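Visitor: My questions all concern the structure below.
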Amino acid sequence: MPDIDVEPYLEAVVETARDVLGAGFVGAYAAGSLALDAFQPGRSDIDIAVLCRDQLSEAAKRELIARLRHGALPCPARGLELVVYTVAAARSGTPEPGFELELNDGAAMPFRQTLHPADRPAADGTFWYGLDRSILHQSGRVLAGPPASEAFADLAADDLRSLLVDSLHWWMALPGPTDDRPTAGAEDAVLGACRALVRYRYGEWLSKVDAGRQLLSTGYQPVEVIEQSIAARSGEPSPSSRQARAFQNGVLKDISTS
C-alpha cells in the first residue's frame, strides 16, 4: 500500500476538483504507479486524471492549477502529475493529447502548466496522454465517478503501436554518457521499454518492474540488463546509458517489425 499520507492527499485533490468544477466535475482516477500497484515512496509520482463534462474556461483552469500547486496543497510524493480531460476526449480513443490542462508540481518535480495541447513542446513528447488513457482504461483506480473502463477508451492497435514507437524514440534521444558507467535513470529507460513490449506482445499493462520480470520469465535477452535494472530500483547500481539505449533499440525493432 502507498504511504499513509497519500490517501488524504488523493481525497483533497478530488475535493478541490469538485469545488472548482462544480456541476462540471465527472470523476477522478489514480493513474501510473498507483493504478498498477507499484507506488514506491520517495520515488513515485502521484498521477491523477480528472474528467469534466465540457471544455474548461481559462479562469477555471487557472483556479484549479493555483489550488493544486504544491505550495497550496503539498504533495506527499515526488510530485503531482495531473491531467484534466473532457468526457468526450477520454472516451474518444484518439492518440492525440486531447487534454484541457496539465499540471506538474512537487517538492522534487519542476513546475509545468499547460493550458492547451498546442502549447506542449513537441520535444517533450505528445505520446504520453494516449498511453496513459490506455493504462487508465485497463487499471485506473476510481477516486470518484464511473468505472475507469467506461470513462476511458483504449487505443486502436495501430495507434498503440505508433505511440509506443514514438515513446521509445523519445527515450533514446535523451542525452547521456556513452561509456559504461552506471547512469541514474537508465533503469527506468530499460524497464519502460519492457513495459512497452509486454503491452504490445501480451496486451496487458504492467508496472515497469513486473514487465521486466515477465520478460525474464520468457528468456528475453539481454537478461543481465533487465536484472540490473530491477535491482537498481532497490538501490543497486544502474545500468549504463549505453546499455539502456542498446536495450531500447532492440525493443524498438521488435515492436516495429513484428
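Visitor: Karplus couplings for region 80-92 from phi (6.51 cos²θ - 1.76 cosθ + 1.60, θ = phi - 60°), rounded to Hz, Gly and Pro as x?
Guide: With coefficients 6.51, -1.76 and 1.60, one gets 9, 10, 10, 10, 10, 10, 6, 4, 4, 5, 5, 8, 6 Hz.
Visitor: Further, regarding this structure: Using amide H atoms built in the peptide plane, which far-off residues or other-chain residues are under 5 Å from Gly93 H to H?
Guide: Ala153
Visitor: Still on this structure, please answer the following. With θ set to phi - 60°, apply the Karplus curve 6.51 cos²θ - 1.76 cosθ + 1.60 along region 195-210 and write out the HN-Hα couplings as whole Hz, x wherever there is a Gly or Pro.
Guide: So the J values, rounded to whole Hz, are 5, 4, 5, 4, 5, 5, 7, 10, x, 9, 7, 10, 4, 4, 5, 4.
Visitor: What is the Rg over Rh value, at two decimals, for region 98-163, using alpha-carbon atoms and the Kirkwood definition of Rh?
Guide: Numbers: Rg = 13.6 Å, Rh = 13.5 Å.
Answer for region 98-163: 1.00.
Visitor: I'd like the distance between the alpha-carbon centres of region 128-166 and region 7-50, rounded to an integer number of Å.
Guide: A separation of 16 Å, based on Cα centres.
Visitor: Any chance you could give the angle, 0 to 90 degrees and rounded to 10, that helix 58-68 forms with the longest Cα principal axis of the chain?
Guide: The answer is roughly 70 degrees.
Visitor: What Rg and what Dmax come out for region 125-248 when only alpha-carbon atoms are used, in angstroms?
Guide: 15.3, 49
Visitor: Grab the Cα-Cα distance for Glu224 and Glu7, subtract it from 0.36 nm times how many residues apart they are, and report the gain in nm with one decimal. If you can, show how the numbers build up before the last one.
Guide: Working: separation 217, 0.36 × 217 = 78.12 nm, distance 3.66 nm.
Length gained between Glu224 and Glu7: 74.5 nm.
Visitor: Please report the orientation-averaged projected area of region 44-130, defined via the convex hull of its C-alpha atoms, in nm². Mind dumping the intermediate values first?
Guide: Working: hull surface 22.4 nm².
Approximately 5.6 nm², given one-decimal rounding.
Visitor: Please report Rg over Rh for region 1-94, where both radii come from the alpha carbon positions and Rh follows the Kirkwood definition.
Guide: Rg/Rh: 0.97.
Visitor: To the nearest 10 degrees, how steep is helix 223-232 against the longest Cα principal axis of the chain, on a 0 to 90 scale?
Guide: 40
Visitor: Quick check on region 1-142: of the DSSP beta bridges with both residues there, what percent are antiparallel, nearest 5%?
Guide: Working: 16 of 23 bridges.
Within region 1-142, antiparallel bridges account for around 70 percent of the total.
Visitor: Based on alpha-carbon centroids, what's the gap between region 85-112 and region 194-255 in Å, whole number please?
Guide: Distance between centres, Cα-based: 26 Å.
Visitor: From largest to smallest, what semi-axes in whole angstrom does the chain give when each is the square root of 5 times an eigenvalue of its alpha carbon gyration tensor? Let's see the in-between values first.
Guide: Working: eigenvalues 192, 80, 56 Å².
The answer is 31, 20, 17 Å, longest axis first.
Visitor: Okay, moving on. Give me the percent of the accessible area of region 135-174 that comes from carbon and sulfur atoms, probe 1.4 Å, all protein chains in place.
Guide: Working: 970 of 1820 Å².
The value for region 135-174 is 53 percent carbon and sulfur by accessible area.
Visitor: Name the residue farthest towards the positive end of the dipole of the chain from the options Pro110, Ile230, Val6, assuming +1 on Cβ of Lys and Arg, -1 on Cβ of Asp and Glu, about the Cα centre.
Guide: Result: Ile230.
The values are calculated or read from the model by the stated rules, or taken from the named source; none is laboratory data. Remember, predicted model here, so these are calculated numbers, not experimental data. All Cβ positions, glycine included, derive from the backbone under ideal geometry; neighbour counts span all protein chains shown. When the accessible area is computed, the model is the full protein with side chains, heavy atoms only, and any ligands, DNA or RNA have been set aside. Shrake-Rupley method; radii C 1.70, N 1.55, O 1.52, S 1.80 Å.
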